Amino acid sequence: HVNQATLWGQATWKYDRFDYFFAANATSTSFFREGLMKNGIFPNNSVGVSNIYTFNNPGFKGGMTYKMNGRNYFFANASFMGRAPLIDNAYISIRTRDLVAPDLQSEKIYGGEVGYLFRAPRVKAKAIAYYTQFTGITDTRSYFDGDYYTFVNFTLSNIEKRHDGIELSAEANLGQGFSATAVASVGQYVYT
């Protein structure tokens, strides 16, 4: 059982040369497991309602755009957010017993991007560089163990990842209802 509530808001300011925005949210996520039958291997914690786990997380996002003229725009955005672990990753074996990963915590996500946007009557183009850091991730994996002839679950915690890269896109209006689009993306997604 998962319950989530989110409250959010955003403010935008627009001027001749600069646009700004700031957004914030607050999210509360709670979950629990309800076992409907007793498992013979785990008779003491397989049936019944588990403890309720609650995670309260803030999120912030802000950015600005510099309008050099009517066709050239430069922008920068940054964000921070917390995210509750997914219920499938929180429990070591959600189908069989009430056992969560030790030191269960919310993920923290930091990110930013800078970019350039070109807008002309027949051509639009965009170039973006981005960077995102994830910390405190919990991940539960399952696999079949051939030696024991059974499924095995293992949980990794305090995982950190980094995503960074660039994205390029262009769209050209060819006339008479036709257009051409080109997109390229190069990124690096690594565990740190």
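The values are calculated or read from the model by the stated rules, or taken from the named source; none is laboratory data. Worth saying up front: this structure is predicted, and the values here are computed from it rather than measured. For neighbour counting, all protein chains shown are included, and Cβ atoms are generated from backbone atoms with ideal geometry for every residue, glycine included. Note: accessible area is taken over every heavy atom of the protein model, side chains too, but ligands, DNA and RNA are not part of it. Shrake-Rupley method; radii C 1.70, N 1.55, O 1.52, S 1.80 Å.
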All conditions in (1) open to solvent by 40 Å² or more (accessible area, probe 1.4 Å); (2) among the polar types (S, T, N, Q); (3) closer than 19 Å to GLU167 by Cβ are true of ASN72 except (1)
Of those in region 83-97 that are in a loop (DSSP other than H, G, I, E, B) and either under 9 Å from THR155 (Cβ atoms) or basic (Lys, Arg) (or both), the residue most open to solvent (accessible area, probe 1.4 Å) is ARG95
Per the list (1) touching a residue at least 12 places away in the same chain (Cβ under 8 Å); (2) on the phi < 0 side of the Ramachandran plot; (3) open to solvent by less than 70 Å² (accessible area, probe 1.4 Å), residue check on PRO43 breaks on (1)
Checked against (1) touching a residue at least 12 places away in the same chain (Cβ under 8 Å); (2) surrounded by 10 or more Cβ atoms within 10 Å (Cβ to Cβ); (3) of a type outside the set (S, T, N, Q), LYS14 satisfies every condition except (1)
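Is it the case that TYR20 is within 22 Å of ILE166 (Cβ to Cβ) and either touching a residue at least 24 places away in the same chain (Cβ under 8 Å) or assigned to a helix (DSSP H, G or I) (or both)?
On the way: within 22 Å of ILE166 (Cβ to Cβ): no; either touching a residue at least 24 places away in the same chain (Cβ under 8 Å) or assigned to a helix (DSSP H, G or I) (or both): yes.
So TYR20 does not fit the description; no.
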If we keep only residues of region 98-129 that are in contact (Cβ under 8 Å) with a residue 40 or more places away in the chain and among the hydroxyl-bearing types (Ser, Thr, Tyr), then the residue least open to solvent (accessible area, probe 1.4 Å) is SER106
Counting only residues that are without any contact (Cβ under 8 Å) to a residue 12 or more places away in the chain and touching a strand residue (DSSP E or B) at 6+ places or on another chain (Cβ under 9 Å), region 174-191 contains a total of 3
